[in-house]
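The values are calculated or read from the model by the stated rules, or taken from the named source; none is laboratory data. Source: prediction; values computed, not measured. Ideal geometry is used to build each Cβ from the backbone, glycine not excepted, and the neighbour counts take in all protein chains shown. Protein only, heavy atoms only, side chains kept; ligands, DNA and RNA dropped before computing areas. Shrake-Rupley method; radii C 1.70, N 1.55, O 1.52, S 1.80 Å.
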Amino acid sequence: MTPQTVYAPVDGPLGEMLLVGGVTEDGSTELASLSLPGQKGAVTVQDGWRHAPELFAEIAGQLGEYFAGRRDRFDVVCAVSGTDFQRRVWRALEDIPYGSTVSYADIARRVGVSGAGVRAVGTAIGRNPLLVVRPCHRVIGADGTLRGYAAGLERKERLLGLEGALVG
């Protein structure tokens, strides 16, 4: 049986975030998406989804702690999505320590690809459905420049600034 889709808007310093997830048969909530306003590929509320902010209270609290500088990792049950390759890339993102950055080539090496594979890594990172929670903002260009963030480079810069990871 497919989990029921639930959602909740949550205010934050980057704008109103939309949390979307599923309620499983055992009653737990899996986070499937965290979207920001104006984000490329942002999820929008669909007919039949249930507004259920109470089901996202824990993740909303964790996000509040993160934005207040009191949390450096998230402890959230995430819905499984994406291709095998995307999931490998997304797992590599989750291993990037708070306050640090890596390049797209670094992620490519971690998942065992080289050459043109770096572009595929960039595409997989761009399809990350869990902005902020799965820290794709910590991936920058090999030359140290900020590149590609679905929610805009100004938000990427704010997140890296919050973490003390801004590059010169």
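Quick notes on this one:
- Close contacts from the stretch 128-144, counting a first residue that is on the phi > 0 side of the Ramachandran plot and a second that is open to solvent by 10 Å² or more (accessible area, probe 1.4 Å) and in a loop (DSSP other than H, G, I, E, B), with Cβ to Cβ under 8 Å and a gap of 6+ residues or different chains, come to Val132/Leu14; Gly144/Val167; Gly144/Gly168.
- Extreme residue, surrounded by the most Cβ atoms within 10 Å (Cβ to Cβ), among residues of the stretch 50-109 that are closer than 14 Å to Val10 by Cβ and of a type in the set (Phe, Trp, Tyr): Phe56
- Qualifying residue in the stretch 33-44 (condition: touching a helix residue (DSSP H, G or I) at 6+ places or on another chain (Cβ under 6 Å) and either assigned to a loop (DSSP other than H, G, I, E, B) or not hydrophobic (A, V, I, L, M, F, W, C) (or both)): no
- Within the stretch 79-88, not a single residue is closer than 19 Å to Leu159 by Cβ and of a type in the set (Lys, Arg).
- When residues of the stretch 18-40 are limited to those that are open to solvent by 70 Å² or more (accessible area, probe 1.4 Å) and in contact (Cβ under 8 Å) with a residue 40 or more places away in the chain, the one nearest to the chain's Cα centre (by Cα): Lys40
- Residue match in the stretch 147-164 (condition: in a loop (DSSP other than H, G, I, E, B), closer than 16 Å to Pro13 by Cβ and at pLDDT 95 or above): yes
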